[in-house]
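Single-structure report; data block below.
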Amino acid sequence: MTGNQWLKEEFEAGDLPLSGGNTLRSTRLHYHQIGQLNAPKDNLILLPTYYGGAAEGNHPWVAPGSPLDPGKYCIVIPALLGAGESSSPSNTPGLQAGAGFPAISLYDNVMLQKRLVDEVFGGASLALVMGWSMGGMQALQWGCLFPEQVRAVLATCCTARCYPHNRVFLEGVKAALTCDQRFHEGHYQQPPERGLRAFGRVYAGWAYSQAFFRHERWRELGFESIEALLHCWEEDHLAQDANNLLSVLNTWQQGDISNNPVFEGNYQAALAALIMPTRVIPSSTDLYFTANDAEQDALLMPGARLEVLASDWGHIAGGPGRESQSQQKILAAAEELLSGQAP
């Protein structure tokens, strides 16, 4: 019984074969759940997590008044492998701890989530798979792999693969972290604090847009200066594990919904498999998941409609509870998809 309270659960998956050829030992998938699965098993909503975010980060999409109503739907948030809650470099024992943690793909994450849905939720039909950033990439991966099980997809501020300039951005933040002398190729004895601080500062400049800083929108977040905002980003990243950040960053860089045994690199075929009602919702000022790249993806998805968030907030606009106008537009799209009336 979940009622209106979030349950925090662990799915013990055992040894998980990975698409790269390795095996992740004693795999755990951490997830949050609110609401109950109905008898027809057709009211399940999946909200995969985003880069740097814990499962709780998606809770604002399920706030009172949201169309994601736990009185009507069973809502599940599966946490990314490598991010610190599910099996990750920071919580995996033995040879796979830290720098020994194997490479994880989007496909690996989604196939593990598929097992969760099948084994814990009886192979339920998914009313909606919805995510921001890497969560959206996973939602699109779900849609192309399991079109018979997924009835709708909503993907905010993401693309179906990591495009070249996005990859270069990630190389920059990775370099800022790994150049810390304490990092020791991931075999650090103490957190590489200088690298983590640098990572946070560099990332802040990409997460928002030029207009966000030009118009001093950071004041709306309660900051008195840009320096105060940067300090907040430093503190946020000091609380994270460096190997976790790099593990999920690699998943992101290699992200491509066609990079799996089903589509074997045929990107157009993977996009064409998204035949269910789909909303692709980029931000007009996103610096790395650009609206133009998202539009090119959406044009090749038979069920997709593009809805651009006109926002100064850059990539952050699409995040759960981050910017009110964007949140309203995203939840309106979710309501339309869940109503079954979306074209």
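Laboratory data are not the source of any read-out in this text; all were calculated from the coordinates shown. The model shown is predicted, which means the values in this text are computed figures rather than measured ones. With ideal geometry, Cβ positions are generated from the backbone for all residues, glycine too; neighbour counts draw on all protein chains shown.
Net charge around L309, counting only other residues with Cβ within less than 9 Å of its Cβ (Lys, Arg = +1; Asp, Glu = -1)? Display every interim value, and only then the final one.
Values: positive: K329; negative: D286, E307, E323.
Once positives and negatives cancel, what remains is -2.
A full extension of the chain between Y267 and E335 corresponds to an added length of 21.6 nm, given 0.36 nm per residue minus the alpha carbon distance.
Eigen-decomposition of the gyration tensor built on the alpha-carbon atoms of the stretch 1-137 gives equivalent ellipsoid semi-axes of 27, 15, 13 angstrom, largest listed first.
Please give the FRET efficiency for E12 paired with E216, using the beta carbon to beta carbon distance and R0 = 30 Å, rounded to the nearest 0.05.
Numbers: r = 48 Å, r/R0 = 1.61.
The pair E12/E216 has a calculated efficiency of 0.05.
Each Lys and Arg contributes +1 and each Asp and Glu -1, all at the Cβ; summed about the Cα centre of the chain, the dipole is approximately 160 debye.
Can you give the local net charge around S87? Use residues other than it whose beta-carbon is closer than 12 angstrom to its beta-carbon, Lys and Arg +1, Asp and Glu -1.
Working: positive: R25, R28; negative: E10, E12, D15, E85, D108.
Residues near S87 contribute -3 overall.
Given a Förster distance of 35 angstrom, what is the FRET efficiency for Q181 paired with S66, based on the Cβ-Cβ distance and rounded to 0.05? Please report the intermediate quantities before stating the final value.
On the way: r = 46 Å, r/R0 = 1.32.
That gives a FRET efficiency of 0.15.
If only the Cβ of Lys and Arg carry +1 and only the Cβ of Asp and Glu carry -1, the dipole of the stretch 124-197 around its Cα centre is close to 120 debye.
Across the stretch 87-162, the mean sequence separation of Cα contacts (distance under 8 Å, 6 or more residues apart), normalised by length, yields a relative contact order of 24 percent.
For the chain, the share of DSSP beta bridges that are antiparallel, to the nearest 5, is 40%.
For L196, L81, what ranking results if the residue with the fewest other Cβ atoms within 10 Å of its Cβ goes first? Spell out each step's value before the answer.
Working: L196 25, L81 28.
Lowest to highest Cβ neighbour count: L196, L81.
Our estimate of slack between V168 and D42, defined as 0.36 nm per intervening residue step minus the Cα-Cα distance, is 41.3 nm.
Using only C-alpha positions, report the orientation-averaged shadow area of the convex hull of the stretch 213-343, nm², one decimal. If you can, show how the numbers build up before the last one.
Working: hull surface 39.6 nm².
Here the figure is 9.9 nm², rounded to one decimal.
Evaluate the chain: find the radius of gyration of its Cα atoms, find its Kirkwood radius, and give the ratio Rg to Rh.
Numbers: Rg = 19.0 Å, Rh = 20.1 Å.
Computed over Cα atoms, the ratio is 0.94.
Between A310 and Q190, the contour length at 0.36 nm per residue exceeds the Cα-Cα span by 39.0 nm. Cα convex hull, the stretch 166-250: 92 Å³ per residue, rounded to a whole number. Note on the stretch 166-250: with charges restricted to the Cβ of Lys and Arg (+1) and Asp and Glu (-1), its dipole about the Cα centre is near 260 debye.
Since only G222, A198, N250 are under comparison, the one whose Cα sits farthest along the positive direction of the charge dipole of the stretch 166-250, derived from C-beta charges on Lys, Arg, Asp and Glu, is N250.
In this structure the amide hydrogen of T92, modeled in the peptide plane, comes within under 5 Å of the amide hydrogens of G98, none closer than 5 places in sequence on its chain.
Net charge near Q141, counting Lys/Arg +1 and Asp/Glu -1 over other residues with Cβ under 13 Å of its Cβ?
Value of the local net charge: -1.
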